[in-house]
Amino acid sequence: MLTLSAFMLVCLLSLNLTSQAQQERGMLTSEEKDKMESFKIAYLTRELSLTPDDAKIFWPVYDQYSKELDKLRNERMKERDDAKRDFDNLSDKDMEKVVDGEIIFRQRELNIQKKYHDEFKKVLHVKKVAKLYMAEQNFKRKLLQRMREKRGQGAPHRGGLKRP
C-alpha cells in the first residue's frame, strides 16, 4: 500500500493533469476520471482503515451512492449551463424555475445523502461512517486547494465569483 507521502505526491501529479485538462476542455477525460477515482478509493480505504471484508460490503454501497449523486449533479450542471447560456433572455417565470430548481436540487441531494447514511451505518461501524464524511471533505479540500494553486500560477479563473 502507498505511504501517505507517496500517495500525496501521486495525487498532486495527477491533479496537475486534471486541472490542465479542465482548463483546456472544461471537463475531464475518461482516463483522468478513472485516475482520480482510483486515488479517491485508495484515500478513503486508507482513511477508513477498511479491511478486505469491510471493503467487500462498503464499496458496492458507496459506488451506488456516488452514481446517484453524479447523475443528479450532471442533471444540475446541464440545467445551469442552459440557464447561463440564455440568462439575459430568460423571462421572470423561467428565471424563477431556475432559482426554484436549485432548492429542489439541494433537497434531492440531501435525500440521497440521508438514504445512504442509513445504508453506510448498516455496513460500517458508526465511527467509520463519521470518518467517511470527514475523509470525503478532506479529499475534496485537497483537490480544490491544488486546483487553486494551479490557477494562481497563471491559469485563468473560470466561472464563479472570486473571493477576496
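Give me Tyr133, Tyr43 ranked fewest to most by other Cβ atoms within 10 Å of their Cβ, as a rough exposure proxy.
Tyr133, Tyr43
Run the reach check for Lys121 against aspartates and glutamates, Cα to Cα strictly under 14 Å, same-chain hits fewer than 8 apart removed. What comes back?
Of all the aspartates and glutamates, those that pass the test against Lys121 - Cα under 14 Å, at least 8 places apart if same chain - are Asp54.
Give a residue-ordered list of calculated ³J(HN,Hα) values for the range 111-121 (Karplus: 6.51 cos²θ - 1.76 cosθ + 1.60, θ = phi - 60°; whole Hz; x for Gly, Pro).
4, 5, 4, 5, 4, 7, 4, 5, 5, 4, 5
Quick one: which of Lys56/Lys122; Lys128/Lys150; Lys35/Lys84; Lys84/Lys115 span more than 21 angstrom between C-alpha atoms? Walk me through the numbers before you get to the answer.
Numbers: Lys56/Lys122 13 Å; Lys128/Lys150 32 Å; Lys35/Lys84 30 Å; Lys84/Lys115 31 Å.
Check vs 21 Å cut-off fails for Lys128/Lys150; Lys35/Lys84; Lys84/Lys115.
All of the numbers you see were taken from the coordinates with simple rules; none came from a lab. Remember, it's a predicted structure, so these values are computed and weren't measured experimentally. For neighbour counting, all protein chains shown are included, and Cβ atoms are generated from backbone atoms with ideal geometry for every residue, glycine included.
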